[in-house]
Amino acid sequence: MILLLYILVGVSKGEEGSCCTADLSRESVVGKIEKSENLDRSFFYAEKKKNAGAALEKRRVRLNAGEFRMGSDRPKILGDGEGPSRLVRLSRGFEIDMYETTNEDFAEFIKVTGYETESERFGWSFVFHLELTEAIRNRIDQAVLGTEWWLPVNGSYWKEPQGPGSNVFKRGLGNAPVVQVSWNDALAYCHWIGGRLPTEAEWEYAARGYGGAAGHNSSTHDEYTKEEKKYNLQNNALFPWGNDLLFHNNSHRANIWQGDFPTLNTRQDGFAFVSPVGSFPPQTSTGIHDIIGNVWEWVNDWWYLPTENDAIFGLTDPKGPASGTEKLKKGGSFLCHRSYCYRYRVAARHKNTPDSATSNNGFRCVYDLPPHL
């Protein structure tokens with residue numbers, strides 16, 4: 001019998017109030033972890049990678065500085081701080097990874113630095129129940145009340161995200177997004193590669209297709225029409241391409257859940273769980289892939305709720321509060337469904353503690369440009 005453990009912050013019920021990840025934290029599973037404050041942080045001072053390499057640099061999209069409306073005045077999940085809509089100015093352009101960081105990317109970081117992720121140090125992390133065999137599920141006697149589909153699995157970490165025997169390279173998933181990485185792990189990788197995690201404002205600016213710089217890896221794909229681009233820029237659409245979830249021919253644009261969550265995924269988009277990066281056409285007019293769906297993406301900001309003053313006065317280069325207990329993440333994942341995690345929208349947002357890791361959470365990096373660019 002599974003022992004149900006109360007999650008510390010609770011999960012709201014209702015059609016759109018809950019999430020495929022809830023507010024999972026390592027403290028949700030009592031007696032299995034040490035406090036993350038005791039873990040060695042010396043890796044943050046490691047020397048940055050000297051040269052990211054031409055191949056990785058070509059996988060970036062350059063975005064110009066600009067203004068946009070962040071958030072929404074029609075929030076779908078009220079407690080998440082999706083609104084109010086506010087005018088935000090980004091004073092400097094930046095580059096952003098075209099794809100989410102992959103297992104192959106992360107493996108190079110591990111090989112060169114010897115870095116050990118927090119899931120390895122803790123000895124476990126959270127795995128979605130259907131990613132496990134029935135035999136493994138039956139051996140696990142703990143879960144989190146309200147999100148019983150998340151199970152703590154000993155030995156799960158980035159290379160074996162579902163536990164021992166689930167090596168991503170042996171399963172041909174080298175080009176899939178790395179998962180089971182905490183916010184701290186993502187920060188360490190981005191620092192090493194010469195970048196950083198995006199702010200929430202930068203992430204949303206990129207996801208809405210703003211800042212397109214002609215000649216710098218901008219998208220030339222026909223699937224993203226001029227009408228869709230114009231609509232999104234003018235109306236802050238639900239998704240990076242507009243308000244229609246599917247293409248005009250009913251094909252899919254993102255890896256999300258179809259069917260009945262959390263028991264049946266009909267895989268109408270072609271995938272039950274994580275998909276290799278680039279499996280779908282670019283989601284933005286600037287050429288960015290998988291910025292919604294596939295895996296959640298950590299951003300740099302501590303969790304906060306926007307205020308009416310933000311809407312009245314606007315913001316320049318917002319970075320969120322100086323401290324907090326939970327970090328923001330954006331974009332939703334392959335587990336998000338309209339009925340139980342409608343967070344695969346650009347304005348949607350969620351949070352987890354910076355040491356938490358799950359089998360549907362990854363990241364991408366951004367890179368500062370010289371002042372004259």
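The values are calculated or read from the model by the stated rules, or taken from the named source; none is laboratory data. For clarity, every value in this text was computed on a predicted model and none was experimentally measured. FYI the Cβ positions are ideal-geometry reconstructions off the backbone, even for glycines, and counts take in every protein chain you see. SASA here: full protein model, heavy atoms, side chains in, ligands and nucleic acids out. Shrake-Rupley method; radii C 1.70, N 1.55, O 1.52, S 1.80 Å.
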Looking only at the range 264-289, count every residue that is touching a helix residue (DSSP H, G or I) at 6+ places or on another chain (Cβ under 8 Å) and surrounded by fewer than 21 Cβ atoms within 10 Å (Cβ to Cβ) and tell me the total. 2
Elements of type strands (runs of 3 or more DSSP E) contained in the range 260-373, each with 2 or more residues being over 28 Å from residue 74 (Cα atoms) and in contact with a strand residue (DSSP E or B) (Cβ under 9 Å, 6 or more places away or on another chain): 366-368
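Please find, within the range 298-352, the residue that is nearest to residue 203 (Cα to Cα) out of those that are of a type in the set (A, V, I, L, M) and touching a helix residue (DSSP H, G or I) at 6+ places or on another chain (Cβ under 9 Å). Quick ask: steps written out before the conclusion?
So the first thing to find is which residues in the range 298-352 are of a type in the set (A, V, I, L, M), and the list is 299, 305, 311-312, 315, 322, 328, 335, 346-348.
Imposing the further condition that a residue be touching a helix residue (DSSP H, G or I) at 6+ places or on another chain (Cβ under 9 Å) reduces the set to 299, 305, 315, 328, 346-348.
On the way: 299: 7, 305: 17, 315: 15, 328: 11, 346: 9, 347: 10, 348: 12 Å.
Step by step, filter the range 298-352, then rank; the result is 299.
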Go over the candidates 337, 372 one by one and state the one that is open to solvent by 40 Å² or more (accessible area, probe 1.4 Å) and at pLDDT below 95. 372
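Consider residue 328 carefully, then state whether it is open to solvent by less than 10 Å² (accessible area, probe 1.4 Å) and either at pLDDT below 95 or closer than 27 Å to residue 66 by Cα (or both). Reasoning before the result, please.
Details: open to solvent by less than 10 Å² (accessible area, probe 1.4 Å): yes; either at pLDDT below 95 or closer than 27 Å to residue 66 by Cα (or both): yes.
It is true that residue 328 is open to solvent by less than 10 Å² (accessible area, probe 1.4 Å) and either at pLDDT below 95 or closer than 27 Å to residue 66 by Cα (or both).
From the residues in the range 148-157 that are touching a helix residue (DSSP H, G or I) at 6+ places or on another chain (Cβ under 8 Å) and part of a loop (DSSP other than H, G, I, E, B), which one is surrounded by the most Cβ atoms within 10 Å (Cβ to Cβ)?
Within the range 148-157, the first condition is being touching a helix residue (DSSP H, G or I) at 6+ places or on another chain (Cβ under 8 Å), and the residues that meet it are 148-151, 153, 156-157.
Going one step further and asking which of them are part of a loop (DSSP other than H, G, I, E, B), we end up with 148-149, 156-157.
Working: 148: 12, 149: 20, 156: 29, 157: 25.
Restricting to residues being touching a helix residue (DSSP H, G or I) at 6+ places or on another chain (Cβ under 8 Å) and part of a loop (DSSP other than H, G, I, E, B), the top hit is 156.
This table checks each residue for (1) in contact with a Pro (Cβ under 8 Å, 6 or more places away or on another chain); (2) open to solvent by less than 10 Å² (accessible area, probe 1.4 Å); (3) not in a loop (DSSP other than H, G, I, E, B).
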{"position": "159", "(1), (2), (3)": "no, no, no"}
{"position": "163", "(1), (2), (3)": "no, yes, no"}
{"position": "168", "(1), (2), (3)": "yes, yes, no"}
{"position": "175", "(1), (2), (3)": "yes, no, no"}
{"position": "180", "(1), (2), (3)": "yes, yes, no"}
{"position": "192", "(1), (2), (3)": "no, no, yes"}
{"position": "203", "(1), (2), (3)": "no, yes, yes"}
{"position": "206", "(1), (2), (3)": "yes, yes, yes"}
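Give me the helices (runs of 4 or more DSSP H) completely within the range 96-146, filtered to those with at least 1 residues that are crowded, with 16+ Cβ neighbours inside 10 Å and polar (S, T, N, Q), ordered by residue number.
Once the helices (runs of 4 or more DSSP H) in the range 96-146 are filtered for at least 1 residues that are crowded, with 16+ Cβ neighbours inside 10 Å and polar (S, T, N, Q), what remains is 103-113, 118-122.
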Can you go through 163, 146, 93 and tell me which one is more than 20 Å from the chain's Cα centre (by Cα), modelled with pLDDT of 95 or more and on the phi > 0 side of the Ramachandran plot? 163
